[in-house]
Amino acid sequence: MKINPPGQFTHAPGFPVYVVRFASEDKVVLAGGGGPGNSGIRNKVTKLKIRPGQERLEEVATFELDQGEDTPMSLALHPALSNVWVCGANRKVEDLKHGGKGEGEKKEEGQGEEVDEVYSISTLSSKDADDYQRVAQISPDGRWLLTGSASGKVCLRSFPNLEEPFPNLDTGIQSDIMDVDFDRRAGKFIAVQERQITIWDLQSGTVVDTLDSPMVNGDQPGSFRHCRFGRGKTFGYAFAVVNTKDRKGAFVCKVSATTFGKVLIRSVHNKPITAFSISEKGDRLAYGTADLGVGILDTDTLDVSEGEGIMD
């Protein structure tokens, strides 16, 4: 019998999980599934309650997508309302000829922890079955929903009515949007691709700036993976992740959120960073790596946070 380390316990949801989010201190939301085919594995969004005293995760609500719809690959939770979230999944293949895919589906928790679809909207006009809504983010004030696709398209919607202030935005590069984020104070938002970070004005939808062709150590080519605007004590800064092209190193770069000039850069690991986040207070950065490591950095120095470091 498998014995988990103290404080660690597992749950088998019965489907491949592609995205995980905390809805509150004791609830987690999962999204994933078997895709649009007839694999027998349904595409779902599931809420779990953490039962630490019993060392288990209890399924309290599940929403199943319609048969033939694709796997939900993105999930965003409202910052103030733990019972409201958005996920993205492509429509049925036979519907692609009409365009309009990558549906952002708003969900809300009702009585008895049930999950219902309130309504869905299209965030993509692509007819390519390989294109999909890759990332989604709700702004810190809960007023905007931002999504990015696998083809370099960005969609901004007001929230919760999901109206478009302007048509979908194009980064000019047809490649995956790896990350999106909002600047809480300056009224800007960004989309991250391997070759470029694009910054837009939130009110007009015009491009404010771009960062491209990332280099580390002077002449070593890299690729962007994530970027997060600062918060709390780090308002006025942004933190970008650059992985080396040879996949033998990962760097975190601290830049001015106004000029996007480099303030500080640190080599933090010898494998690519694949996940990245900033704490609510803005004093810590957390990252996950391709070799199954997790690290915590201090945002002032980009050094390993005291008492913490890479953990397997």
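Filtered by the rule that a residue be buried (at least 19 other Cβ atoms within 10 Å of the Cβ) and in contact with a Ser or Thr (Cβ under 6 Å, 6 or more places away or on another chain), segment 197-248 gives Thr198, Gly222, Thr234, Asn243.
Looking across segment 16-59, the residues that are crowded, with 19+ Cβ neighbours inside 10 Å and either in a loop (DSSP other than H, G, I, E, B) or out of contact with any strand residue (DSSP E or B) (no Cβ under 9 Å at 6 or more places or on another chain) (or both) come down to Gly33, Pro36, Asn43. If we scan segment 66-74, do we find a residue that is within 22 Å of Arg225 (Cα to Cα) and at pLDDT below 85? No: segment 66-74 contains no residue that is within 22 Å of Arg225 (Cα to Cα) and at pLDDT below 85.
Scanning for something in a strand (DSSP E or B), under 14 Å from the mean Cα position of the chain (by Cα) and aromatic (Phe, Trp, Tyr), does segment 71-89 turn up at least one residue? Yes, segment 71-89 has at least one match. Being under 26 Å from Ser125 (Cβ atoms) and small (Gly, Ala, Ser) is the filter here, so list the residues in segment 70-92 that pass it. Those that are under 26 Å from Ser125 (Cβ atoms) and small (Gly, Ala, Ser): Ser74, Ala76, Gly88, Ala89. For Asn4, the conditions (1) surrounded by 15 or more Cβ atoms within 10 Å (Cβ to Cβ); (2) over 26 Å from Ser279 (Cα atoms); (3) at pLDDT below 80 all hold with the exception of (1). Taking segment 195-242 as the range and being among the acidic types (Asp, Glu) and more than 15 Å from Cys253 (Cα to Cα) as the test, the residues that pass are Asp201, Asp209, Asp219. What number goes with the only condition from (1) in contact (Cβ under 8 Å) with a residue 40 or more places away in the chain; (2) of a type outside the set (Asp, Glu); (3) within 28 Å of Glu280 (Cβ to Cβ) that Gly187 does not pass? In the conditions (1) in contact (Cβ under 8 Å) with a residue 40 or more places away in the chain; (2) of a type outside the set (Asp, Glu); (3) within 28 Å of Glu280 (Cβ to Cβ), Gly187 misses (1) alone.
Given the structure, is Val93 β-branched (Val, Ile, Thr) and modelled with pLDDT under 85?
Criteria met by Val93.
Out of everything in segment 128-139 that is in contact with a strand residue (DSSP E or B) (Cβ under 8 Å, 6 or more places away or on another chain) and assigned to a loop (DSSP other than H, G, I, E, B), what residue ends up being modelled with the highest pLDDT?
So in segment 128-139, the residues in contact with a strand residue (DSSP E or B) (Cβ under 8 Å, 6 or more places away or on another chain) come out as 131-139.
In the following step, the residues that additionally are assigned to a loop (DSSP other than H, G, I, E, B) were identified as 131-132, 139.
Details: Asp131: 79, Tyr132: 80, Ser139: 94.
Result: Ser139.
State yes or no: is Gly37 closer than 23 Å to Glu163 by Cα and at pLDDT below 80? No.
Test Thr62 against the criterion of being surrounded by fewer than 21 Cβ atoms within 10 Å (Cβ to Cβ) and either at pLDDT 85 or above or not hydroxyl-bearing (Ser, Thr, Tyr) (or both), and give yes or no. Judged against the criteria, Thr62 is a match. Please determine, by comparing only the residues of segment 156-176 that are under 17 Å from Gln196 (Cα atoms) and in contact with a strand residue (DSSP E or B) (Cβ under 7 Å, 6 or more places away or on another chain), which one is surrounded by the fewest Cβ atoms within 10 Å (Cβ to Cβ). Out of the qualifying residues, it is Asp170.
The values are calculated or read from the model by the stated rules, or taken from the named source; none is laboratory data. Owing to the predicted nature of the structure, the values given are computational and were not obtained by experimental measurement. Heads up, the Cβs are rebuilt from the backbone with ideal geometry, glycines too, and the neighbour counts pull from every protein chain shown.
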